[in-house]
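> A single structure is presented below for examination.
The values are calculated or read from the model by the stated rules, or taken from the named source; none is laboratory data. Predicted, not measured: the structure shown is a model, and the values here were computed from it. For neighbour counting, all protein chains shown are included, and Cβ atoms are generated from backbone atoms with ideal geometry for every residue, glycine included. Accessible surface is based on the protein model in full, side chains and every heavy atom, while ligands, DNA and RNA are left aside. Shrake-Rupley method; radii C 1.70, N 1.55, O 1.52, S 1.80 Å.
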Amino acid sequence: DQAGDHIRAFGGALEAGVNLEVGEDVKIRVGGEYAFASGDQDPTDGTIERFDPLLPFGHFYHGHMDLFGWRNLHNAVFKLKVSPMAKLSIHTDLHFFWLDKQKDGWLNPGGGIVRRDVTGKARDYVGAEIDVYVKYPLWDRVYMWAGYSHFWPGQYARDTGLDSDEDW
């Protein structure tokens, strides 16, 4: 219970991949991930159905642009990692985002509302994000990261007022 409301929320994630060795130092990892977090159809009915993670860390899991938190979310990800030499790795992650409940809204990693359609009539596909980044270790536990991310708004984003792509 929380503030007199019953909690009936859940979330889960599944990741799978395969590692391939193409040469002596060249390695490739191809994988995918699916993450789900329940949303709340009616926040006034006395039951909390929106999953609320203990730690709001979405950056690594739900896109580097931090547009999405692990709340009211379906996130399908396709991943490719290429290591052309021992220390260098090049990553590409392609995310597709849908809402679990359209009335609940699109939430960021901190739990803030990014967009909401109180009518629940907007379509549930929010959009797609691609993250391309390079990692290289400089010293023990010190890495150089460089990258680029792009978000294409889906029908839900356009229905709630976000018409333009975003870059990071």
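> Just want the answer: with Cβ charges of +1 for Lys and Arg and -1 for Asp and Glu, which residue in SER149, ALA37, GLY120 is farthest toward the dipole's positive end in the stretch 29-159?
The residue sitting most towards the positive pole is SER149.
> Pop the C-beta distance of GLU166 and LYS135 into the FRET formula with R0 = 22 Å and round what comes out to the nearest 0.05. If you can, show how the numbers build up before the last one.
On the way: r = 23 Å, r/R0 = 1.04.
Between GLU166 and LYS135 the formula returns 0.45.
> Here is a further query. State the answer as a single residue: which of PRO137, ASN72, HIS91 lies farthest towards the positive end of the charge dipole of the stretch 40-168, with beta carbon charges of +1 for Lys and Arg and -1 for Asp and Glu, about the Cα centre.
PRO137
> Another question, then. Leaving ligands, DNA and RNA out of it, report the carbon-plus-sulfur percent of the accessible area of the chain at a 1.4 Å probe.
Result for the chain: 56 percent of the exposed heavy-atom area is carbon or sulfur.
> Between the alpha-carbon centers of the stretch 1-79 and the stretch 104-167, tell me the distance in whole angstrom.
Centre-to-centre distance over Cα atoms comes out at 13 Å.
> Please compute the per residue accessible area over the chain with all protein chains in place, 1.4 Å probe, rounded to a whole number of Å². Present the calculation step by step, with values, prior to reporting the outcome.
Working: 9780 Å² over 168 residues.
Per residue, the chain has an accessible area of 58 Å².
> A further question on this structure: Below 8 Å, C-alpha to C-alpha, sequence gap of six or more: please give me the relative contact order for the stretch 80-153 in percent.
Relative CO of the stretch 80-153 lands at 30 percent.
> Moving on. With each run of n ≥ 4 DSSP H residues scored as -39500 (n - 2.57), what mean residue ellipticity at 222 nm is computed for the chain after dividing by its residue count and rounding to the nearest 500 deg cm²/dmol?
When only DSSP H runs of four or more count, the value is -500 deg cm²/dmol.
> What residues from the stretch 96-118 fall in the zone where the backbone N is under 20 Å from a label point 7 Å along the Cα-to-C-beta line of ASP45?
Flagged as within label range: 99-107, 116-118.
> Kindly sort THR92, THR119 by accessible area of their heavy atoms, largest first, with the probe set to 1.4 Å.
THR119, THR92
> Using a 1.4 angstrom probe and counting only protein chains, how large is the accessible area of ASP159 in Å², to 10?
Its accessible surface works out to 80 Å², give or take rounding.
> What FRET efficiency would be calculated for the residue pair HIS6, HIS150, taking the C-beta separation as r and a Förster radius of 35 Å, to the nearest 0.05?
According to the calculation, E is roughly 0.30.
> Same structure, new question: Running a GNM on the chain with Cα contacts under 10 Å, which residue among ASP66, ASP131, ASP140 ends up with the highest mean-square fluctuation?
ASP140
> Take every DSSP beta bridge whose two residues both sit in the stretch 49-168, then give the antiparallel share in percent to the nearest 5.
100 percent
> Ok, one more. Evaluate the charge dipole of the stretch 22-115 about its Cα centre and quote only its size in Debye, nearest 20, assuming +1 on the Cβ of each Lys and Arg and -1 on the Cβ of each Asp and Glu.
Working: 10 positive and 12 negative charges, 75 e Å.
Computed charge dipole of the stretch 22-115: roughly 360 debye.
> Would you rank LYS27, LYS101 by solvent-accessible area, highest first, keeping every protein chain in place and using a 1.4 Å probe? Mind showing how you got there, number by number?
Working: LYS27 100, LYS101 60 Å².
Most to least solvent-accessible, the answer reads LYS27, LYS101.
> Using the Cα centre as the reference, give the magnitude of the dipole from point charges on the C-beta atoms of the stretch 9-168 (Lys, Arg: +1; Asp, Glu: -1; all else neutral), rounded to the nearest 20 debye.
160 debye
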